[in-house]
Every structure is written in structure tokens, then in C-alpha cells.
Amino acid sequence: MTNASGTHSDAHSAPAGRGPWSAPPGTARINPAGRRLVVISNRVGSMRGAVRAGGLAVAMVDMLKASGGIWCGWSGKLAPVSPERPEVTQADGMTAATIELTQAEHDAYYNGFANSCLWPLFHNRIDLTAFDRSYYDGYLKVNAKFARVFAPLFKAQDLIWVHDYHLIPFAQELRAMGCRQPMGFFLHIPFPPRDVLLTLPNAGRLLQALFAYDVIGFQTDRDVERFVDYVVNEQDGRVSGDVVTVFERSAVVRSFPIGIDVDNFVQLAGSAEAKRQAERLATRRFAGRQLIVGVDRLDYTKGLPLRFLAYELLLETYPETHGRLVYLQIAPPTRGAVPEYAQIRAELEGLEGHINGRFAEVDWTPLAYINRAYSRRALAGIYRAADISLVTPLRDGMNLVAKEYVAAQDPADPGVLVLSRFAGAAVQMRAALIVNPYDKVAVAEALQTARHMPLEQRRNRHAELMRGLRDYDIDRWRTDFLEALAAAGARHVAAEA
Ligand code: GDG
């Protein structure tokens, strides 16, 4: 899926339907209290893109259809003058409401504050963080505009679920307009340690804005701990169970670790397109060789340069790998307008050339590095064909690729997941080979262990990982969040009565 700058968009910010709005079975229980659901995220894209985006978007669409809900956000298009009324389209029981932005709004709000300030900061990259007041002003203005434009579509009984760091002040704007619906916020990325957050001018104001929500959700308990640490020690907040009180407001603060639609991914991996893709890999370039795969948006948080260096170390340390192993890294470019993304792209191209130049033979190229997106089915086939998945972000809210890789495996002959301890997913996926992504010796050794792992151990680890995936899947995630939101909303109403 491409966005205004012609690059692959972030998975969770662009919806992609399962097809023409077909509601899957079992969606009835995802509509707690029978209320209509309103979802707001940065991006509302094409519902029928050829390259379907992440499973999260599919999950949102399912949920919205089940409640006759609305998805609001940016259309993905830029306009010379941004309109004050949304474009509303309806299909199969749900509504999409979108608005265009001007280049200047998009530069300050999206490229600026969201992706040059909050994204690096929340991933502990103070060195890459742009502390530019004009970005913050633009961010506040676009949030106010979203509130102004979309609020007329909301009904008193709606549940409002806002996604991610682009939209922290959105609820505060709605409250100022008199909206009293239950409002929940889910942060898809990590919450930073207190000292890191304190480097942000206006951090207090941003955090205060969060308390306009009734539920504030994070990926892991560690994120909740860091959030509470800030609120208690910097703002004199109080905690009672999962309720945090500060700035004269209370909110439920909890972790809701996002999962995947496991059966859907198992099915994708068994599809004709997935099989074709896997066969293509098996019979052509990778014939008879072990395959390592990495799939990541091209982003400096994903640890790709260090990962390439760990692979180089493996090739250097274990010459028997030569000619017998290939590492395929798929990295669709994102956020091309932000300079750091162009830099990481150039850095990786240099490393790829260096590694292949150093080790390749006339009939073997050790590293295949691809800057394009594949369809979800093709991706499932690639996962399935891979003996090892290398998922080594330096910091990641959750990381869905780790979960998708496991779901796509053949249980009789599964591959091995090598996973960074700094991905939120590591908390739930203890049966993976957990590594410190900064330690390239450890990553190289984990790859060597994975290469030689006996079948029984691979099966046992895979079975345990699958149990975890099924235990807290995407359905449980959305149900849990919405139940918490409906309950918090009810308490709120009772308190006001
Ligand atoms: C954020 C947080 C959190 C990737 N390449 C292609 C493709 N993808 C899909 C994957 C996966 C998704 O994109 C990536 O999700 P991740 O979770 O790995 O990472 P982020 O994009 O950074 O997402 C993250 C997530 O939000 C959800 O809360 O887990 O921590 O950073 O689904 O499959 N999809 C297709 N072609 C590709 O080439 N179709």
C-alpha cells in the first residue's frame, strides 16, 4: 500500500479489508454493550489495496462492521487547502470518514512531530529526535482539526477508540467541545523511560492530554511501569489498582498486548500463492540451502545494520555456512520524507554490497536485500519456506512479524524464531531464541544454534509459541480493550450522575 509520498505505509495506520467488506464469523462478541464503535487513526487508506496491509487493519474492519461503526483519519492525500468537512463513504455496514491535509500540515504533524520527534524519542533515540516547537504547534492544530471535522459524525452512545502517537491530544480536543463518550487510547509503540521523556519540552502537557481518555492502553506491563513511574514521580499522580489519578482526572491504565489472527495466517500460509512463492524460493535461488528471513519496514528501530553485521560475523566465524545459507531481508521503505530514513537506506545498501562483495561466489550470493512490499499471501509463503526468522529490533512496541512467522510454520517441521529481547513480543514468546540485538556475537551464535536445532526441539518450541499466540490473539486484544473502555465509560457516567 502506498501513501502520499509513494512509499509503503505503516501497517497499522492503513486499513485493508479482507475483501469487499465481508464480515467474518464470530464477530458478534466484539461489540461490548451493543454500542457503536468509532476508530480514529492517522490513516484511513484504500480498503481494497492489492498489497494488503497488516492484520491489525483487517481486525479493525471486522470490528467496525460488527457494530456498524466508523473509521476516521487522514485520506492519505494532500490538497492545496484542507477541507473542514470529511469525505464519508459507506460499504457493508461500516463507514469511512477521511480528510485531506495540506503539505504544511502533513510536514509539521506527521513528518515533523509524530515521526521526527515522538517516534525516535519513544524508541529511546534522543540523538535522532527533532525538538522543534513548530512541529508541536502543527501537531496540536491537526489534532484539533480532526476533532472539529469528525465530531459531528459521533453519537452520544458511541465508544471512541483512538490509535497511536499521532493522536495523543485528540480526546482533549473532543472534551473541550463537550463530547462525553467513553474514549480509549492505545499506544502501539513503546513508552519511554522517565529520563528520556523528560527531554521533551512540553512533556507534561502531552501527558496531561492523555488523561482526557478513560482507558490508556500499552503493549506490555513494562510500558505501563514506565508510564506510572513518570506520572507518580514527576506529576504527583496516584495509583489504585489499574486506575491512575492525576491532573484531576482518572484513567484505567493497562497493558493489552496485541496479537494476530492466527487461523487467518495459518490459512494464508496454505494458500496457492503462498505455496507458489515457497516453491519458487525452494527451487531457484535457495535450492538446497538454509534460508534466514527478515521482514521489517525500513526503519532505524528495527536494528537492520547490526543484524547485517551479525550475519557477516556468522559467515566469518563458520566457513561451513558458505554456499549453504542465504539471508533474505525484505524491507519496504516507509516515511521517505524524513531524512533519517534515507540515511538508513543508504547505510544498508553499503553493508549489503560489503557483505556480498566479501563472501559471494559465482554461484552463491549470501544476502538478498529487497526494498519492496509483497502481498500478505506471498509473505506467508516466504515465512513458511524460511528455516529461521531473524527479528532483532533495538526497540519495538510488540512486533507482529515474529508472531506471523510462527503462525505460518509447518508444525511437523517448523522453523526457528530468533527474537530481540527489546521487542514487546519477547515477553510472551519465551520459547523463541531470545537475543540482545546489540550483541552481534550473541546473535551470530543464536543463528548457529537455530541452524542445528534438532527437529524435536523445534517442534516443542513451536507448539509452545503457538499456544501463546492462540491464548492472546487479535480477537482477545480488541475484546479486552473494548470491554475495559465500556466499563470505564459506565463508571464515568455513574460518577457524574
Ligand atoms: C507498529 C509497532 C507493533 C511488512 N512488510 C510487508 C508487510 N508487512 C507487515 C507485517 C506486519 C506489519 O507490516 C509490521 O508490523 P510490526 O509489528 O512488525 O511493526 P510496525 O509496522 O513498526 O508496527 C509495532 C505494531 O505497530 C502493532 O501494534 O507491533 O511494535 O512499531 O503485519 O506483515 N505486509 C505486506 N507486505 C510487506 O512487504 N503485505
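The values are calculated or read from the model by the stated rules, or taken from the named source; none is laboratory data. Bear in mind that the values here come from a model prediction, so they are computed numbers and not experimental data. Because the Cβ atoms are built from the backbone with ideal geometry, glycine has one as well, and the counts that use them run over all protein chains shown. The accessibility values were calculated without ligands, DNA or RNA, using every heavy atom of the protein model including side chains. Shrake-Rupley method; radii C 1.70, N 1.55, O 1.52, S 1.80 Å.
Among the residues of the stretch 413-431, which ones are open to solvent by 10 Å² or more (accessible area, probe 1.4 Å) and among the polar types (S, T, N, Q)?
If the condition is that a residue be open to solvent by 10 Å² or more (accessible area, probe 1.4 Å) and among the polar types (S, T, N, Q), then 428 is the only one that fits.
With the condition kept exactly as written, say whether any residue in the stretch 346-359 is outside the structural domain of residue 123 (by TED's automatic domain parsing), among the acidic types (Asp, Glu), closer than 18 Å to residue 298 by Cα and within 18 Å of the chain's Cα centre (by Cα). Break it down stepwise before answering.
Residues of the stretch 346-359 that are outside the structural domain of residue 123 (by TED's automatic domain parsing), as a first pass: 346-359.
Right, trim to among the acidic types (Asp, Glu) and you get 347, 349, 352.
Within this subset, residues satisfying the condition of being closer than 18 Å to residue 298 by Cα are 347, 349, 352.
Imposing the further condition that a residue be within 18 Å of the chain's Cα centre (by Cα) reduces the set to none.
Among the residues of the stretch 346-359, not one is outside the structural domain of residue 123 (by TED's automatic domain parsing), among the acidic types (Asp, Glu), closer than 18 Å to residue 298 by Cα and within 18 Å of the chain's Cα centre (by Cα), which makes the answer no.
Does residue 281 satisfy the condition of being within 16 Å of the ligand (Cβ to nearest atom), more than 23 Å from the chain's Cα centre (by Cα) and of a type in the set (A, V, I, L, M)?
Yes, satisfied.
Tell me which helices (runs of 4 or more DSSP H) are completely within the stretch 103-197 and hold 3 or more residues being assigned by TED's automatic domain parsing to the domain that holds residue 78 and either open to solvent by less than 40 Å² (accessible area, probe 1.4 Å) or of a type in the set (D, E, K, R) (or both), or say none if there are none. Can you show your working first?
On the way: elements: 103-106, 119-122, 133-150, 170-176, 194-197.
Ranges flagged: 119-122, 133-150, 170-176, 194-197.
Suppose we keep only residues that are part of a loop (DSSP other than H, G, I, E, B) and within 16 Å of the ligand (Cβ to nearest atom) within the stretch 284-313. Which one would you say is farthest from residue 387 (Cα to Cα)? Break it down stepwise before answering.
Of the stretch 284-313, the ones part of a loop (DSSP other than H, G, I, E, B) are 284-289, 296-297, 299, 303.
Add one more test, that the residue is within 16 Å of the ligand (Cβ to nearest atom), and what stays is 296-297, 299, 303.
On the way: 296: 17, 297: 21, 299: 24, 303: 20 Å.
Among those residues, the one meeting the criterion is 299.
Which is surrounded by fewer than 20 Cβ atoms within 10 Å (Cβ to Cβ), within 14 Å of the ligand (Cβ to nearest atom) and not in a strand (DSSP E or B), of 316, 273?
Result of the check over 316, 273: 273.
Conditions (1) modelled with pLDDT under 95; (2) within 20 Å of residue 188 (Cβ to Cβ); (3) surrounded by 14 or more Cβ atoms within 10 Å (Cβ to Cβ), marked per residue:
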position	(1), (2), (3)
52	yes, yes, yes
59	yes, yes, yes
64	yes, yes, yes
69	yes, yes, yes
82	yes, no, yes
88	no, no, no
94	yes, no, yes
97	no, no, yes
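Being touching a strand residue (DSSP E or B) at 6+ places or on another chain (Cβ under 9 Å), open to solvent by less than 40 Å² (accessible area, probe 1.4 Å) and at pLDDT below 95: is that true of residue 335 here?
yes
Hey, can you tell me all the residues within the stretch 168-185 that are over 19 Å from residue 35 (Cα atoms) and within 16 Å of the ligand (Cβ to nearest atom)?
168
Quickly run through the stretch 373-398 and pick out the residues that are out of contact with any Pro (no Cβ under 6 Å at 6 or more places or on another chain) and open to solvent by 10 Å² or more (accessible area, probe 1.4 Å).
374, 375, 376, 377, 379, 384, 385, 387, 396
Of the numbered conditions (1) surrounded by fewer than 21 Cβ atoms within 10 Å (Cβ to Cβ); (2) in a helix (DSSP H, G or I), residue 453 satisfies every one except a single condition; which is it?
Answer for residue 453: the failing condition is (2).
Matching residues to (1) in a helix (DSSP H, G or I); (2) within 25 Å of residue 174 (Cα to Cα); (3) modelled with pLDDT under 95:
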{"position": "206", "(1), (2), (3)": "yes, yes, no"}
{"position": "213", "(1), (2), (3)": "no, yes, no"}
{"position": "224", "(1), (2), (3)": "yes, yes, no"}
{"position": "228", "(1), (2), (3)": "yes, yes, no"}
{"position": "232", "(1), (2), (3)": "yes, no, no"}
{"position": "251", "(1), (2), (3)": "no, yes, no"}
